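K.L.:
Take this structure first; my questions come after.
The values are calculated or read from the model by the stated rules, or taken from the named source; none is laboratory data. Everything quoted here is computed from the prediction, not taken from an experiment. Cβ sites come from the backbone with ideal geometry, for glycine too, and all protein chains shown count toward neighbours. Areas reflect the complete protein model, heavy atoms only, side chains present, ligands, DNA and RNA absent. Shrake-Rupley method; radii C 1.70, N 1.55, O 1.52, S 1.80 Å.
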Amino acid sequence: MNKRILIVDDEEHIRQFTRINLEYAGFDIIEAPTGEDAIELCEQKNPAVVILDIMLPGIDGFEVCKILREKYPKLGIIMVTAKSQDVDKILGLQQGTDDYIIKPFNPQELVLRIQSLIRRINIDEIEEESSENKIIDGIFKLDLYSRSFYKNNKEIDVTPTEFTILKNFIERKGKALTREEIMKATWGEEYSADTKIVDVNIRRIRAKIEENPAKPEYLETVWGTGYRWS
(Lines give C-alpha, C1' and ligand atoms only; values in the text may rest on other atoms or scores of the structure.)
Protein backbone atom coordinates (compact mmCIF):
# COMPACT_ATOMS: atom_id res chain seq x y z
CA MET A 1 0.00 0.00 0.00
CA ASN A 2 1.31 3.43 -0.96
CA LYS A 3 1.47 5.55 2.22
CA ARG A 4 3.48 8.44 0.79
CA ILE A 5 2.00 11.85 1.63
CA LEU A 6 3.00 15.16 0.04
CA ILE A 7 2.58 18.22 2.30
CA VAL A 8 2.32 21.46 0.31
CA ASP A 9 2.59 24.62 2.43
CA ASP A 10 4.85 27.66 2.20
CA GLU A 11 5.12 27.91 6.01
CA GLU A 12 7.95 25.67 7.17
CA HIS A 13 6.74 25.37 10.77
CA ILE A 14 3.34 24.08 9.58
CA ARG A 15 5.03 21.52 7.32
CA GLN A 16 7.22 20.36 10.21
CA PHE A 17 4.29 20.13 12.62
CA THR A 18 2.24 18.16 10.10
CA ARG A 19 5.19 15.97 9.14
CA ILE A 20 5.96 14.97 12.73
CA ASN A 21 2.37 13.90 13.38
CA LEU A 22 1.93 12.03 10.10
CA GLU A 23 5.28 10.23 10.42
CA TYR A 24 4.26 9.18 13.92
CA ALA A 25 1.11 7.68 12.34
CA GLY A 26 3.26 5.64 9.95
CA PHE A 27 3.17 7.71 6.77
CA ASP A 28 6.10 8.41 4.45
CA ILE A 29 6.32 12.19 4.10
CA ILE A 30 7.65 14.50 1.40
CA GLU A 31 7.32 18.29 1.41
CA ALA A 32 6.90 21.15 -1.06
CA PRO A 33 6.89 24.90 -0.27
CA THR A 34 5.32 25.94 -3.59
CA GLY A 35 2.76 24.70 -6.08
CA GLU A 36 5.40 24.36 -8.76
CA ASP A 37 7.48 22.12 -6.49
CA ALA A 38 4.38 20.07 -5.66
CA ILE A 39 3.64 19.34 -9.31
CA GLU A 40 7.26 18.27 -9.89
CA LEU A 41 7.35 16.06 -6.79
CA CYS A 42 4.10 14.33 -7.74
CA GLU A 43 5.71 13.27 -10.99
CA GLN A 44 8.91 12.13 -9.29
CA LYS A 45 7.64 10.56 -6.05
CA ASN A 46 4.12 9.30 -6.83
CA PRO A 47 2.40 10.19 -3.53
CA ALA A 48 -0.92 8.59 -2.59
CA VAL A 49 -2.32 11.78 -1.05
CA VAL A 50 -1.49 15.49 -1.29
CA ILE A 51 -2.22 17.82 1.65
CA LEU A 52 -2.59 21.08 -0.27
CA ASP A 53 -2.72 24.57 1.24
CA ILE A 54 -4.75 27.10 -0.75
CA MET A 55 -2.55 30.17 -0.14
CA LEU A 56 0.77 29.52 -1.87
CA PRO A 57 3.36 31.75 -3.54
CA GLY A 58 3.20 31.54 -7.31
CA ILE A 59 0.32 29.36 -8.46
CA ASP A 60 -2.24 28.89 -5.70
CA GLY A 61 -3.72 25.69 -4.33
CA PHE A 62 -6.79 25.80 -6.56
CA GLU A 63 -4.67 25.89 -9.72
CA VAL A 64 -2.33 23.19 -8.37
CA CYS A 65 -5.36 21.02 -7.61
CA LYS A 66 -6.72 21.51 -11.13
CA ILE A 67 -3.38 20.57 -12.71
CA LEU A 68 -2.84 17.52 -10.49
CA ARG A 69 -6.40 16.28 -10.97
CA GLU A 70 -6.06 16.45 -14.75
CA LYS A 71 -2.72 14.61 -14.70
CA TYR A 72 -3.48 12.11 -11.90
CA PRO A 73 -7.25 11.37 -11.69
CA LYS A 74 -6.80 8.80 -8.91
CA LEU A 75 -4.56 10.96 -6.70
CA GLY A 76 -6.02 11.78 -3.28
CA ILE A 77 -6.19 15.53 -2.57
CA ILE A 78 -7.09 17.17 0.74
CA MET A 79 -7.35 20.97 0.60
CA VAL A 80 -6.27 23.02 3.62
CA THR A 81 -7.85 26.41 4.28
CA ALA A 82 -7.70 29.07 6.97
CA LYS A 83 -10.66 29.33 9.33
CA SER A 84 -11.37 32.88 8.16
CA GLN A 85 -12.05 31.82 4.57
CA ASP A 86 -15.55 31.22 3.24
CA VAL A 87 -16.13 27.45 3.20
CA ASP A 88 -18.96 27.81 0.68
CA LYS A 89 -16.60 29.59 -1.71
CA ILE A 90 -13.90 26.97 -1.15
CA LEU A 91 -16.28 24.13 -1.87
CA GLY A 92 -17.65 25.89 -4.92
CA LEU A 93 -14.20 26.45 -6.38
CA GLN A 94 -12.85 22.96 -5.80
CA GLN A 95 -11.17 21.52 -8.84
CA GLY A 96 -11.51 17.89 -7.85
CA THR A 97 -10.63 17.95 -4.15
CA ASP A 98 -11.52 14.76 -2.26
CA ASP A 99 -11.75 16.47 1.12
CA TYR A 100 -10.89 19.67 2.95
CA ILE A 101 -9.76 20.59 6.45
CA ILE A 102 -9.66 23.97 8.20
CA LYS A 103 -6.61 25.40 9.98
CA PRO A 104 -5.85 25.15 12.79
CA PHE A 105 -6.69 21.44 12.69
CA ASN A 106 -6.33 18.54 15.09
CA PRO A 107 -3.52 16.27 13.77
CA GLN A 108 -5.54 13.17 14.65
CA GLU A 109 -8.44 14.42 12.54
CA LEU A 110 -6.08 14.84 9.59
CA VAL A 111 -4.74 11.31 10.13
CA LEU A 112 -8.27 9.89 10.12
CA ARG A 113 -9.13 11.74 6.92
CA ILE A 114 -5.97 10.52 5.19
CA GLN A 115 -6.64 6.94 6.30
CA SER A 116 -10.21 7.15 5.00
CA LEU A 117 -9.03 8.53 1.66
CA ILE A 118 -6.33 5.88 1.26
CA ARG A 119 -8.91 3.17 1.94
CA ARG A 120 -10.95 4.54 -0.96
CA ILE A 121 -7.90 4.58 -3.22
CA ASN A 122 -6.42 1.25 -2.20
CA ILE A 123 -7.27 -1.82 -4.25
CA ASP A 124 -4.67 -4.21 -2.83
CA GLU A 125 -7.39 -6.50 -1.54
CA ILE A 126 -8.48 -7.26 -5.12
CA GLU A 127 -5.97 -9.85 -6.28
CA GLU A 128 -7.03 -10.50 -9.83
CA GLU A 129 -9.37 -9.10 -12.43
CA SER A 130 -12.59 -11.00 -13.09
CA SER A 131 -16.19 -10.33 -14.07
CA GLU A 132 -17.06 -10.27 -10.37
CA ASN A 133 -15.04 -7.08 -10.08
CA LYS A 134 -17.37 -5.17 -12.39
CA ILE A 135 -20.70 -3.51 -11.62
CA ILE A 136 -22.82 -2.83 -14.70
CA ASP A 137 -25.96 -0.72 -14.75
CA GLY A 138 -27.27 -0.01 -18.24
CA ILE A 139 -24.78 2.20 -20.05
CA PHE A 140 -22.57 2.54 -16.96
CA LYS A 141 -19.81 0.24 -15.72
CA LEU A 142 -17.69 0.36 -12.57
CA ASP A 143 -14.44 -1.60 -12.75
CA LEU A 144 -13.50 -2.33 -9.14
CA TYR A 145 -10.12 -3.76 -10.11
CA SER A 146 -8.83 -0.62 -11.82
CA ARG A 147 -11.18 1.78 -10.00
CA SER A 148 -12.37 3.02 -13.38
CA PHE A 149 -15.79 4.30 -14.43
CA TYR A 150 -17.29 4.01 -17.93
CA LYS A 151 -20.28 5.42 -19.76
CA ASN A 152 -21.11 3.74 -23.08
CA ASN A 153 -17.74 1.95 -22.79
CA LYS A 154 -15.89 5.28 -22.70
CA GLU A 155 -13.85 5.90 -19.57
CA ILE A 156 -14.74 8.99 -17.55
CA ASP A 157 -12.10 10.34 -15.21
CA VAL A 158 -13.43 10.38 -11.66
CA THR A 159 -11.68 11.09 -8.37
CA PRO A 160 -11.39 8.37 -5.68
CA THR A 161 -14.20 10.07 -3.77
CA GLU A 162 -16.44 10.35 -6.84
CA PHE A 163 -15.84 6.67 -7.62
CA THR A 164 -16.89 5.64 -4.11
CA ILE A 165 -20.01 7.81 -4.27
CA LEU A 166 -20.99 6.32 -7.65
CA LYS A 167 -20.41 2.78 -6.37
CA ASN A 168 -22.65 3.39 -3.33
CA PHE A 169 -25.41 4.86 -5.49
CA ILE A 170 -25.37 2.14 -8.16
CA GLU A 171 -25.33 -0.63 -5.55
CA ARG A 172 -28.40 0.97 -3.94
CA LYS A 173 -30.18 1.93 -7.13
CA GLY A 174 -33.58 3.53 -6.61
CA LYS A 175 -33.03 4.26 -2.90
CA ALA A 176 -33.11 7.89 -1.79
CA LEU A 177 -29.96 8.54 0.24
CA THR A 178 -29.62 11.43 2.67
CA ARG A 179 -26.52 13.60 2.66
CA GLU A 180 -25.57 12.12 6.03
CA GLU A 181 -25.82 8.57 4.65
CA ILE A 182 -23.71 9.49 1.63
CA MET A 183 -21.11 11.16 3.84
CA LYS A 184 -20.79 8.19 6.21
CA ALA A 185 -20.63 5.66 3.35
CA THR A 186 -17.99 7.70 1.53
CA TRP A 187 -15.82 9.36 4.16
CA GLY A 188 -16.42 7.04 7.11
CA GLU A 189 -18.24 7.09 10.43
CA GLU A 190 -15.59 9.28 12.09
CA TYR A 191 -15.86 12.03 9.50
CA SER A 192 -17.41 15.31 10.58
CA ALA A 193 -17.83 18.26 8.23
CA ASP A 194 -20.45 20.35 6.49
CA THR A 195 -22.69 18.13 4.34
CA LYS A 196 -22.26 20.66 1.52
CA ILE A 197 -19.19 18.69 0.51
CA VAL A 198 -21.67 16.03 -0.65
CA ASP A 199 -23.47 18.56 -2.84
CA VAL A 200 -20.18 19.68 -4.38
CA ASN A 201 -19.27 16.12 -5.34
CA ILE A 202 -22.74 15.48 -6.74
CA ARG A 203 -22.43 18.56 -8.95
CA ARG A 204 -19.06 17.40 -10.21
CA ILE A 205 -20.37 13.91 -10.97
CA ARG A 206 -23.39 15.29 -12.81
CA ALA A 207 -21.13 17.49 -14.93
CA LYS A 208 -19.29 14.35 -16.01
CA ILE A 209 -22.14 11.90 -16.63
CA GLU A 210 -25.30 13.86 -17.42
CA GLU A 211 -26.22 15.19 -20.86
CA ASN A 212 -27.77 18.19 -19.11
CA PRO A 213 -26.50 18.55 -15.52
CA ALA A 214 -29.26 21.10 -14.80
CA LYS A 215 -31.85 18.40 -15.56
CA PRO A 216 -30.19 15.20 -14.31
CA GLU A 217 -31.44 11.91 -15.72
CA TYR A 218 -29.37 9.51 -13.64
CA LEU A 219 -28.43 11.19 -10.37
CA GLU A 220 -31.65 12.78 -9.20
CA THR A 221 -32.36 15.19 -6.38
CA VAL A 222 -34.96 13.97 -3.89
CA TRP A 223 -36.25 17.18 -2.35
CA GLY A 224 -36.24 17.15 1.43
CA THR A 225 -34.10 13.99 1.52
CA GLY A 226 -31.00 13.90 -0.64
CA TYR A 227 -30.22 12.08 -3.88
CA ARG A 228 -31.16 8.91 -5.75
CA TRP A 229 -29.57 6.90 -8.57
CA SER A 230 -32.33 6.13 -11.04
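K.L.:
When the Kirkwood radius is taken over all Cα pairs of the stretch 110-230, what Stokes-Einstein diffusion coefficient follows at 20 °C and 1.002 mPa s, in µm²/s? Display every interim value, and only then the final one.
P.N.:
Working: Rh = 15.0 Å.
Reported coefficient: 143 µm²/s.
K.L.:
Along each of its three principal axes, how wide is the spread of alpha-carbon positions in the chain, in whole angstrom units, largest first?
P.N.:
Sorted largest first, the three principal extents are 50, 41, 31 Å.
K.L.:
Provide the gained length on full extension for the span HIS13 to LYS134, in nm with one decimal, where the gain is 0.36 nm per separating residue minus the Cα-Cα distance. Walk me through the numbers on the way to the answer.
P.N.:
Values: separation 121, 0.36 × 121 = 43.56 nm, distance 4.53 nm.
That pair, HIS13 and LYS134, stretches by 39.0 nm at full extension.
K.L.:
Please report, in debye to the nearest 20, how large the charge dipole of the stretch 125-206 is about its Cα centre when each Lys and Arg carries +1 at its beta carbon and each Asp and Glu carries -1 there.
P.N.:
On the way: 15 positive and 17 negative charges, 127 e Å.
The calculation lands at about 620 debye.
K.L.:
Tell me, what are the semi-axes, in whole angstrom and largest first, of the equivalent ellipsoid of the stretch 1-78 as set by the roots of 5 times the Cα gyration tensor eigenvalues? All intermediate terms of the calculation are to be shown ahead of the outcome.
P.N.:
Details: eigenvalues 66, 49, 16 Å².
Semi-axes, largest first: 18, 16, 9 Å.
K.L.:
Take every Cα pair under 8 Å in the stretch 6-72 that's 6+ residues apart, average their separations, divide by the length, and report that relative contact order as a whole percent.
P.N.:
Numbers: 81 pairs, mean separation 24.8, N = 67.
With pairs under 8 Å counted, the relative contact order is 37 percent.
K.L.:
While we're on this one: Send over the semi-axes of the stretch 27-70's equivalent ellipsoid, whole angstrom and largest first, taken as the square roots of 5 times the C-alpha gyration tensor eigenvalues. Please report the intermediate quantities before stating the final value.
P.N.:
Values: eigenvalues 51, 25, 18 Å².
Taking √(5λ) for each Cα gyration eigenvalue gives 16, 11, 9 Å.
K.L.:
With a 1.4 Å probe and all protein chains left in place, how much of the accessible area of the chain comes from carbon and sulfur atoms, in whole percent? Walk me through the numbers on the way to the answer.
P.N.:
Numbers: 5460 of 11400 Å².
For the chain, the apolar C and S fraction of the accessible surface comes to 48 percent.
K.L.:
Between ASP157 and LYS71, what is the spin-label point distance in nm, taking each point 7 Å from the Cα along the Cα→C-beta axis?
P.N.:
1.2 nm
K.L.:
Quick one: accessible area per residue over the stretch 129-224, 1.4 Å probe, rounded to a whole number of Å²?
P.N.:
On the way: 4960 Å² over 96 residues.
It amounts to 52 Å² per residue over the stretch 129-224.
K.L.:
Holding the Cα-Cα limit at 30 Å, pick out from LYS3/LYS215; LYS45/LYS215; LYS66/LYS215; LYS134/LYS215; LYS66/LYS151 the pairs that are longer than that. Walk me through the intermediate numbers first.
P.N.:
On the way: LYS3/LYS215 40 Å; LYS45/LYS215 41 Å; LYS66/LYS215 26 Å; LYS134/LYS215 28 Å; LYS66/LYS151 23 Å.
Violating the 30 Å Cα-Cα cut-off are LYS3/LYS215; LYS45/LYS215.
K.L.:
Could you give the dipole magnitude of the chain about its Cα centre, charging the beta-carbon of Lys and Arg +1 and that of Asp and Glu -1, in debye to the nearest 20?
P.N.:
Numbers: 33 positive and 42 negative charges, 165 e Å.
Charge dipole of the chain: 800 debye, to the nearest 20.
K.L.:
For LYS208 and MET55, what is the calculated FRET efficiency with R₀ set at 30 Å and r taken between the beta-carbons, to the nearest 0.05? Can you show the working numbers first?
P.N.:
Details: r = 28 Å, r/R0 = 0.95.
After rounding, the FRET efficiency stands at 0.60.
K.L.:
Modelling each spin label as a point 7 Å along the Cα-to-Cβ direction, I'd like the ARG172/GLU217 distance in nm, to one decimal.
P.N.:
Label at ARG172, label at GLU217, 2.5 nm between them.
K.L.:
Would you list, by chain and number, the lysines whose Cα falls below 19 Å from the Cα of LYS184, excluding same-chain residues fewer than 8 positions away?
P.N.:
Output for LYS184: LYS167, LYS173, LYS175, LYS196.
K.L.:
Can you tell me the accessible area per residue over the stretch 1-55, all protein chains present, probe 1.4 angstrom, in square angstrom? Don't jump to the answer; show the numbers that get you there.
P.N.:
Working: 2760 Å² over 55 residues.
In whole numbers, the stretch 1-55 has 50 Å² accessible per residue.
K.L.:
In nm, to one decimal, how far is the modelled label at GLU180 from the one at TYR145, with both set 7 Å along Cα→Cβ?
P.N.:
The modelled label-to-label distance comes out at 4.0 nm.
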